[in-house]
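Right, one structure below, let's go through it.
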Amino acid sequence: SADEFVEKVRLAHERLKRWEEFGSTKPLGEIQCFEFGAGWDLIGPLAYWSFGINRQIVVDIRPNLRIELLQDSIQKFRDCRERCEKVTGRKLRQMPAISLQNQDQLRSAFGIQYMAPLDAAKTGLAPNNVDFISTNSTLEHIPAESLGRIMRESKRILIDDGIACHFIDMKDHFSYFDRSITKYQFLTYPDVLWNLFNSSISYQNRLRFEDYHRIFTEAGLT
């Protein structure tokens, strides 16, 4: 929906504000961004482009990108531009009137290089190559042992004063459509029982803040 779309743009802006608060003094047009788990419609990366970012590497463990959903996102940026500018307080670039047919056009039109399938723990990117790493509701779907490897790779590819910003939804995702359970229902089950409920389609790791903090710290992120 348009409301959900505008909220995703707002969240992308919140992540970008962390870069502006804690990152280097580089202009947005000169930084290199990296996102993993970007999903089907690339609303976040397109939002970054609309804010002024010219270079992005976007990866998925599986090739999830759907051109028809990407085209819908581009149209929503045109339709909802005023609303997006109001919630972000930022003037947005005008989306080009383009009919994307493939990923090469995505790179040429928006500077977004989409790579999938690719493991974010083994990117093959050069060290000290990325200014800003971000994800949106991705980390909670990755097992803890895999997260450790991904964060070590993030540390390797980040420049010295680079920023990693992750929006993590630590609620029970089943609660979004099952109103009979609480937001933290999944924490009430022992591991052996939760493993029966936990879906491989939408895996939830149940990690808490202190778990993420430990994983980040052990990877060398401050």
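See the values below:
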item: In the range 108-135, the residues that are more than 17 Å from the chain's Cα centre (by Cα) and either in a strand (DSSP E or B) or in contact (Cβ under 8 Å) with a residue 60 or more places away in the chain (or both); result: 125, 129
item: Output for the range 19-47, where each listed residue is buried (at least 16 other Cβ atoms within 10 Å of the Cβ), out of contact with any strand residue (DSSP E or B) (no Cβ under 6 Å at 6 or more places or on another chain) and not in a loop (DSSP other than H, G, I, E, B); result: 28, 43, 46, 47
item: Among residues of the range 169-179, those that are open to solvent by less than 100 Å² (accessible area, probe 1.4 Å), of a type outside the set (Lys, Arg) and part of a loop (DSSP other than H, G, I, E, B), counted; result: 4
item: The range 163-222, residues that are closer than 23 Å to residue 62 by Cβ, free of Cβ contacts under 8 Å to residues at least 40 places away in the same chain and among the polar types (S, T, N, Q); result: 195, 198, 199, 200
item: Filtered residues of the range 48-67 (kept if crowded, with 23+ Cβ neighbours inside 10 Å, within 17 Å of residue 133 (Cβ to Cβ) and polar (S, T, N, Q)); result: 56
item: Residue in the range 66-89 that is in a helix (DSSP H, G or I), touching a Cys at 6+ places or on another chain (Cβ under 8 Å) and at pLDDT 95 or above present; result: yes
item: Residue in the range 73-88 that is among the acidic types (Asp, Glu) and touching a Leu at 6+ places or on another chain (Cβ under 6 Å) present; result: yes
item: Single residue of the range 68-98 satisfying the filter (aliphatic (A, V, I, L, M) and open to solvent by less than 50 Å² (accessible area, probe 1.4 Å)) that is farthest from residue 4 (Cα to Cα); result: 98
item: Top-ranked residue of the range 186-222 - restricted to ones that are of a type in the set (S, T, N, Q) and at pLDDT 95 or above, ranked as least open to solvent (accessible area, probe 1.4 Å); result: 204
item: Some residue of the range 135-150 being in contact with a strand residue (DSSP E or B) (Cβ under 9 Å, 6 or more places away or on another chain), open to solvent by 30 Å² or more (accessible area, probe 1.4 Å) and at pLDDT 95 or above; result: no
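The values are calculated or read from the model by the stated rules, or taken from the named source; none is laboratory data. Just so it is clear, the model here is predicted, and its values are computed rather than measured. With ideal geometry, Cβ positions are generated from the backbone for all residues, glycine too; neighbour counts draw on all protein chains shown. When the accessible area is computed, the model is the full protein with side chains, heavy atoms only, and any ligands, DNA or RNA have been set aside. Shrake-Rupley method; radii C 1.70, N 1.55, O 1.52, S 1.80 Å.
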